[in-house]
1. Taking interchain pairs and intrachain pairs at least six residues apart, which have beta carbon atoms under 8 angstrom, with the first residue in region B:15-37 and facing chain A (nearest Cβ under 10 Å) and the second open to solvent by 70 Å² or more (accessible area, probe 1.4 Å) and of a type outside the set (A, V, I, L, M)?
2. Enumerate the strands (runs of 3 or more DSSP E) found wholly within region A:166-262, keeping only those where 3 or more residues are more than 60 Å from the chain's Cα centre (by Cα).
3. From the list A:VAL150, A:VAL162, A:VAL182, pick out the single residue that is closer than 18 Å to A:ARG260 by Cβ and either in contact (Cβ under 8 Å) with a residue 12 or more places away in the chain or open to solvent by 20 Å² or more (accessible area, probe 1.4 Å) (or both).
4. Tally time: how many residues in region A:287-318 are touching a residue at least 40 places away in the same chain (Cβ under 8 Å), within 19 Å of the chain's Cα centre (by Cα) and open to solvent by 60 Å² or more (accessible area, probe 1.4 Å)?
5. Which residue pairs have Cβ atoms closer than 7 Å, lie 6 or more positions apart in sequence or on different chains, and pair a first residue in region B:86-105 that is on the phi > 0 side of the Ramachandran plot with a second residue that is at pLDDT 90 or above?
6. Of all residues in region B:22-31, which are assigned to a helix (DSSP H, G or I) and at pLDDT 90 or above?
7. Go through region A:352-385 residue by residue and tally those that are facing another protein chain (nearest Cβ under 10 Å) and in contact with a helix residue (DSSP H, G or I) (Cβ under 8 Å, 6 or more places away or on another chain).
8. Would you point out which residue out of B:ALA122, B:ALA134 is surrounded by fewer than 12 Cβ atoms within 10 Å (Cβ to Cβ), more than 14 Å from chain A (Cβ to nearest Cβ) and over 12 Å from the mean Cα position of the chain (by Cα)?
Amino acid sequence: MKPTKGKQLGLDYYQRLRWNIIAFMLLVVLIPLPLVAGTIYNYYRTYVRTTVINNLKSIAEKRREAIEVFLAERVLYLKTLTQALPLGELDKRNELETVFSIVKPLSGSFVDMGLLDERGVQFAYVGPYDLLQKDYRATLWFQEVSRQGVYISDVFLGYRNVPHLAIAVKSYTGSTPWYLRVTINTDTFERLLQSGQRGALRDAYIVNRHKEILVHAGTREAIDPSSIAFPQPEEIRVGNVRTLNGHSLLTASTWLNNDRWLLLVAEDPTSEFVTLAHARQVALYLFFTAFLMVGGLTYYAARWIVRKIQAADTERDIVREHLMQTSKLTSLGKMAAGLAHEINNPLAIISEAAGYAKEILDHNWSEEADLSGEQQCELHTALEDILKEVYRGKDITQRLLGFARKMDPKIVEVDLNKTLADLIKFYGRLATKSRKVTIIQRFDRNIPVIRTDPDQIQQVVSNLVDNAVYFTSPKGGEITVATQLADGFVLLSVADNGPGMKPNLRAKIFDPFFTTKPVGDGTGLGLAICYGIVQKLGGEITVESEEGKGSKFIIRLPLEPTEDEEERHEAKSNDRG
Amino acid sequence: MKPRVMIVDDEEKFVDYLSKRLINNGYDVTTSLSGEDAVEKVKRYNFDVVILDVLMPGLDGIETLREIKKIKPLTEVIMLTGHASVESGIEGMKLGAYDYLMKPCETQELVSKITKAHDRKADQEERIRAARVADIVSSPRSVLKE
């Protein structure tokens, strides 16, 4: 048995159907699912990023405020001190010590304190350094404080290499300026930078305009200041810096009020984004789980569906088979009447001929004479005629048997013209005698031998001729049965000059159980079955008709049925052994 | 006088043998192979009994019967049917056929029916004659009516 394409792939129609259903359902699920997941994930990611960034900015802002408040308070404190205490006079050293000893415990960040006169000479000093009488006139800070009234220094490494900060304020005794200067350590600074953080996730830095790190609050690895990008004034800039080890940190930076210092809060993005990565993993796991679930369910659903379809198809095939049989029986019934008549004619002739022969012999025996030559001739002719009629009867019964035989679709080489001619000969007598209808044959001699089932072709054509006869009588008419060769196909048509059909009728004519014959005359199955038979033979049946102009049924048959049909037929006939 | 019989059927052999047999049985037999031909013959000749096949091309049995009854109503007709179509038999009888038979038929039965049909016709003709005589007797002028 030749393998068909389907068999070569190892799949048959139902398996293919099953995979098609599964593929389709998976596609339907798998396209929206990632879209939804992806979209939600994106929104979540944006949210997380925004939150993290906003957090960072907010911290930077708060730190900035805290520092500025701290510094402003220190300045105010000092100013208050200068207003409250008349420290401008010389020899107030002891008094300065007293003040310092009061002040220092209250605010532990004071390292030293000094008083300077209008020339910039520190005339009083309390603290760990030896700075008494030091002349600061030439320094930048003295010039600034004498101009601005306030000076806040950069952070510098001071006593024991701890970062320090100096603040100086100007005051007057009368019209003479004098200056109070203090050094504070940056512990407080650092505490300020760190305060309010739970879990020390972020380091904070204060950096000057030369990109020197003044303060580093935090325990993580230090950043590489060259990777800092300065923000605009008033801006809280979010960006990235590199650490000395090459890691990238997320930062928020902003200028402190004096615009000399940049406050920078740095955070390791991975820690914040861990939750995001976690969410992504969860999403992926869920997706794959869903995929597996859907896949599994789809597979079983598809199997179930296809099994149902298979069952329905099988049932439909059984029903169709039954319909065919029923239709056959119906046709058979109709044929029986016609056939009885057909057979009765030969029988009648045999009866008369035999009776005649008997009479000749009877007459002869009663005369007791020899048979005359003429009588012998008559007897001989009569017996010959009897034999002829016997074979005529046999012909008819054979046809009936052929029709009644259980339909075994058999593909053989068929001379279509001859098959049709035989059928018409058989039908012709019946049709023309009873219904005043003539059947015209118009056969194309060029049609080749085709491979098809002749019995089924005859069944279809008889049905068509039946219908034509039914609808053209009693007025009588013409039925034309024609064959024609037309590019690779054979066209077989049955046309009549009967009443024809309106378009809406034409559209329904092949529907099962549709008939225009009165109840009892038509089952509505004939053309539906013809349609089925022609399809199975790999062909097509169509109708051309116009009201008042008759109808023409055209069957298009391939020269060979397709391999599928042939296989199925072979398989069936093999089953029957 | 021999009864005049016409056999009408499109099966030539059947007509042939039947006519031979009826001739042997002492009938005067005419044959016809179609309804139209039969009607023509009925117009020209007189028959006592016509044996008529129901199923024929052209003018079928029932139509032929109708025509015959229009032309020569006293002619008796026996319908022959090849298929068990009781309806056409009954229809025929409603139209005036004497009886109907199924092919193939037992010649004896046919002969007996022909005889009975012929008898009925003869009987009818006799009654008609009697009526006419009575008519003439009562009114001599009725001779002129003929």
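1. Short answer, once both residue conditions are applied: B:ASN24/A:HIS363.
2. A:176-185
3. On the way: A:VAL162 fails: closer than 18 Å to A:ARG260 by Cβ; A:VAL182 fails: closer than 18 Å to A:ARG260 by Cβ.
From the options A:VAL150, A:VAL162, A:VAL182, the qualifying one is A:VAL150.
4. Looking only at region A:287-318, we keep the residues that are touching a residue at least 40 places away in the same chain (Cβ under 8 Å), and these are A:287, A:290-291, A:294-295, A:298-299, A:301-303, A:305-306, A:309-310.
Adding the requirement that they be within 19 Å of the chain's Cα centre (by Cα) leaves A:287, A:290-291, A:294-295, A:298-299, A:301-302.
Imposing the further condition that a residue be open to solvent by 60 Å² or more (accessible area, probe 1.4 Å) reduces the set to A:291, A:299.
Qualifying residue count, region A:287-318: 2.
5. B:GLY96/B:LYS69
6. From region B:22-31, those assigned to a helix (DSSP H, G or I) are B:22-24; that's our starting set.
Across region B:22-31, the qualifying residues are B:LEU22, B:ILE23.
7. First pass over region A:352-385, keeping only residues facing another protein chain (nearest Cβ under 10 Å): A:352-360, A:362-363, A:378, A:381-382, A:385.
Of the ones still in play, those that are also in contact with a helix residue (DSSP H, G or I) (Cβ under 8 Å, 6 or more places away or on another chain) are A:352-357, A:359-360, A:363, A:378, A:382, A:385.
Of the residues in that region, 12 qualify.
8. Result of the check over B:ALA122, B:ALA134: B:ALA134.
The values are calculated or read from the model by the stated rules, or taken from the named source; none is laboratory data. All values reported here derive from a predicted model rather than from experimental measurement. So basically every Cβ, Gly included, is an ideal-geometry build from the backbone, and we count neighbours across all protein chains shown. Each accessible area value is taken on the protein alone, full model and side chains, heavy atoms only, with ligands, DNA and RNA left out. Shrake-Rupley method; radii C 1.70, N 1.55, O 1.52, S 1.80 Å.
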